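Here the structure comes first, spelled out in structure tokens, and everything after it is commentary.
The values are calculated or read from the model by the stated rules, or taken from the named source; none is laboratory data. Worth saying up front: this structure is predicted, and the values here are computed from it rather than measured. Using ideal geometry, Cβ is built from the backbone for each residue, glycine included, and neighbour counts are taken over all protein chains shown.
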Amino acid sequence: MSEQTVLLDIKDLKKHFPVKGSMPWSGVKAMIRAVDGISFDIRAGETFSLVGESGCGKTTTAKMVLLLETPTEGSIQFEGNDIGGFSSSQLHDYRGAVQAVFQDPWSSLSPRMRARFIIGEPLMVNKGLSSRSSELADKVSQLLNDVGLDPNSIDNYPHEFSGGQRQRVAVARALSLNPRIIVLDEPVSALDVSIRAQIMNMLKDLQAEYGVSYLLIAHNLATVRYLSHRVAVMYLGQIVEFAESEELFTNPLHPYTKALISAALSTRPDIERDEIVLTGEVPSPANPPAGCRFHTRCPWAFDRCVGEEPKVKEMAPGHTVSCHLFD
Ligand SMILES: Nc1ncnc2c1ncn2[C@@H]1O[C@H](COP(=O)(O)OP(=O)(O)OP(=O)(O)O)[C@@H](O)[C@H]1O
Ligand code: SF4
Ligand SMILES: [Mg+2]
């Protein structure tokens, strides 16, 4: 992994949203610290995953990568260049190189468009292919075939596909411009359990075939473990632990990661474990706890955790953790 080309290099990225209805007369504008200083890179051909409970900032991070939100602070470099300084033609190329597939293919696919145009539209807009050209039809047929759909379904509407097939159409559209990175935000969680594995296998096969990188966001840790090369665990807008996937799942260090993994294993009664139960609500990102942000829920919290923020420590090559237990 370490030899691979870095495609996307994210440094100290932040996104703060103003709290609606906060008290302007107080002179202090309350902010939701949705993403609060995260750094990671995405390398060519890998799957990099973000995990963490609802509201920890995963989608906001993805939206900044997709240019749908502007960072409050920090930088995103693509192939060594800061996207904040891109010209309009560089932005155009970047939008083609970084595509997305979201959770619900119903809402991302226009119901009135045939597969031919859903998948072919980026080629028409970006490559100037005409809608009735044989070149477009050939390319779309190839993409349908690559995602495991019958090329004869080229003139189907979204409702004529099953849920899993619609997600395949969304992946075909994302692949159409031969992107370097696809953001997958909960790509299988809206699908029937029986077809999730098929879609995950397809994503893996397509990665090998196209050499594309994935930025994967998923609640389901089994999905993350199956697809990822490297994983970052987020809590309240920050990365608390980061490692190669197998290392993270076999040797989790941060109390929060341990709790997430043990909660996921609770559906596997055949596996013995010391269960760590995550108690309490996630605190508001508008008012994160001082010191270690996890201290209000951490079973191992001690005095220092309340007043001092833990620093990032590298415990093994490529395995970092932010927790005072490892000082
Ligand atoms: N446009 C916005 N304006 C204000 N607050 C926002 C906005 N977008 C996100 N937030 C807040 O930022 C925080 C992070 O949201 P985000 O959608 O990134 O979480 P997430 O990790 O993707 O959660 P989930 O797993 O539920 O999808 C949440 O508290 C959310 O309410
Ligand atoms: S720093 Fe303290 S509160 Fe935070 S995870 Fe470690 S032990 Fe728990
Ligand atoms: Mg989300």
Just to be sure, is GLU275 modelled with pLDDT of 95 or more and either away from ligand 2 (no atom under 16 Å from the Cβ) or not in a helix (DSSP H, G or I) (or both)? no
Across the range 52-68, what is the total count of residues that are within 16 Å of ligand 2 (Cβ to nearest atom) and not small (Gly, Ala, Ser)? 2
Looking at VAL65, is it closer than 20 Å to GLU186 by Cα, out of contact with any Lys or Arg (no Cβ under 6 Å at 6 or more places or on another chain), within 16 Å of ligand 1 (Cβ to nearest atom) and among the aliphatic types (A, V, I, L, M)? yes
Would you point out the residue of the range 219-242, among those that are touching a strand residue (DSSP E or B) at 6+ places or on another chain (Cβ under 7 Å) and under 11 Å from THR47 (Cβ atoms), that is farthest from ligand 3 (Cβ to nearest atom)? HIS229
Of all residues in the range 280-327 being within 16 Å of ligand 1 (Cβ to nearest atom) and of a type in the set (A, V, I, L, M, F, W, C), which is surrounded by the fewest Cβ atoms within 10 Å (Cβ to Cβ)? ALA286
Matching entry among SER108, SER130, SER87, SER176 (being over 30 Å from GLN4 (Cβ atoms) and not aromatic (Phe, Trp, Tyr)): SER130
When you check SER189 against the structure, is it over 21 Å from PHE249 (Cβ atoms) and not aliphatic (A, V, I, L, M), yes or no? no
Please tell me if LEU50 is assigned to a helix (DSSP H, G or I) and crowded, with 18+ Cβ neighbours inside 10 Å. no
GLY148 - would you say it is at positive phi and either surrounded by 15 or more Cβ atoms within 10 Å (Cβ to Cβ) or outside any helix (DSSP H, G or I) (or both)? yes
Could you list all residues from the range 287-325 that are more than 8 Å from ligand 2 (Cβ to nearest atom) and under 19 Å from ASN251 (Cβ atoms)? VAL312, LYS313, GLU314, MET315, ALA316, PRO317, GLY318, HIS319, THR320, VAL321
Counting only residues that are aliphatic (A, V, I, L, M), part of a helix (DSSP H, G or I) and within 17 Å of PHE48 (Cβ to Cβ), how many does the range 156-207 have? 4
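Would you check which residues across the range 290-311 are over 15 Å from LYS258 (Cα atoms), without any contact (Cβ under 8 Å) to a residue 24 or more places away in the chain and in a loop (DSSP other than H, G, I, E, B) and list them?
If the condition is that a residue be over 15 Å from LYS258 (Cα atoms), without any contact (Cβ under 8 Å) to a residue 24 or more places away in the chain and in a loop (DSSP other than H, G, I, E, B), then ALA290, GLY291, THR296, PHE302, GLU308, GLU309, PRO310, LYS311 are the ones that fit.
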